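The values are calculated or read from the model by the stated rules, or taken from the named source; none is laboratory data. Since the model is a prediction, treat every value here as computed from it, not as a measurement. Every residue, glycine among them, receives a Cβ derived from its backbone with ideal geometry; neighbour counts consider all protein chains shown.
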Amino acid sequence: MNDDGGGAPTVRALRIGLTGGIASGKSLVANLFVKLGAELVDADQLAREVVAPGEPALSAIRDTFGPQLLTSRGELDRAALRKLVFADPEKRGALDALLHPLIRARLLARLAEVRRPYAIVAVPLLVETDFATLVDRVAVVDCPESLQLERLMRRDAIPRAEALAMIAAQADRATRLRAAHDVIDNSGDVEHTRRQVAQLHLRYLELASRATHSSTP
């Protein structure tokens, strides 16, 4: 239990870490939870914020990886950065070391503002990083790797070799599933996924209610 500074005790929202392989359907699932009333804290959105023009991280990326990663408007060329780091694990590690502390700080600040029973904390690399320590439960969006590859190639209009390299840069499917408290199968149609999300929404409300009651003096 936390104190808001005004003497009234407040209970921290239940934190559900949402993750999955690239192109598995995390955004779809996150949006379905939001429609049901969940709060969304999206690490990808925070990552975009910390590299916006004028932010120190953008200057650090330019100094570390070169000015070619900035567009003519002074913005980050995300496609160029993605190709660079996915092809070089050492550079990917350097980028993570630069950005993850900044993203983590913003994520914690946003979580502190949540006033709904639970929050969906969407983090693509939740299993691979210490961001998992910030959540109470892990929900994994899952689909067969063959379908993941097909979706990624279609979504980003990239060749098979590049898509395979991007998939290989993440934890494998088995590792994610071992870390999961809940699994959302996104290999079917949207309605199939929506039904699973609706069931988990009720489950998370129940867990959040239990946490509230257990922390009440």
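Key figures
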quantity	calculated
Close pairs from the range 91-102: first touching a residue at least 60 places away in the same chain (Cβ under 8 Å), partner surrounded by 15 or more Cβ atoms within 10 Å (Cβ to Cβ) and small (Gly, Ala, Ser), Cβ under 9 Å, at least 6 apart	Arg92/Ala169
Looking only at the range 123-152, and only at residues there that are assigned to a helix (DSSP H, G or I) and acidic (Asp, Glu), the one that is nearest to Leu95 (Cα to Cα)	Asp130
Qualifying residue in the range 173-185 (condition: surrounded by fewer than 14 Cβ atoms within 10 Å (Cβ to Cβ), β-branched (Val, Ile, Thr) and closer than 30 Å to Phe86 by Cβ)	yes
Test set (1) under 23 Å from Asp172 (Cα atoms); (2) among the aromatic types (Phe, Trp, Tyr); (3) modelled with pLDDT of 95 or more - Phe86 fails condition number	(3)
Residues of the range 103-120 classified as in a helix (DSSP H, G or I), in contact (Cβ under 8 Å) with a residue 40 or more places away in the chain and among the basic types (Lys, Arg), total	2
Extreme residue, nearest to the chain's Cα centre (by Cα), among residues of the range 33-65 that are in a loop (DSSP other than H, G, I, E, B) and of a type in the set (Gly, Ala, Ser)	Ala38
Test: residue in the range 153-166 that is touching a Gly at 6+ places or on another chain (Cβ under 8 Å), at pLDDT 95 or above and either over 17 Å from Leu81 (Cα atoms) or aliphatic (A, V, I, L, M) (or both)	no
Every residue from the range 168-217 that is closer than 18 Å to Arg151 by Cβ, assigned to a loop (DSSP other than H, G, I, E, B) and without any contact (Cβ under 8 Å) to a residue 12 or more places away in the chain	Asp172, Gly188, Asp189
Which listed residue, of Ala30, Ala23, is at pLDDT 95 or above, surrounded by 13 or more Cβ atoms within 10 Å (Cβ to Cβ) and in a loop (DSSP other than H, G, I, E, B)	Ala23
Qualifying residues in the range 80-115 (those that are within 19 Å of the chain's Cα centre (by Cα) and surrounded by fewer than 15 Cβ atoms within 10 Å (Cβ to Cβ)) - the one farthest from Glu206 (Cα to Cα)	Gly93
Where Pro56 falls short, out of the listed (1) free of Cβ contacts under 8 Å to residues at least 60 places away in the same chain; (2) closer than 17 Å to Val140 by Cα	(2)
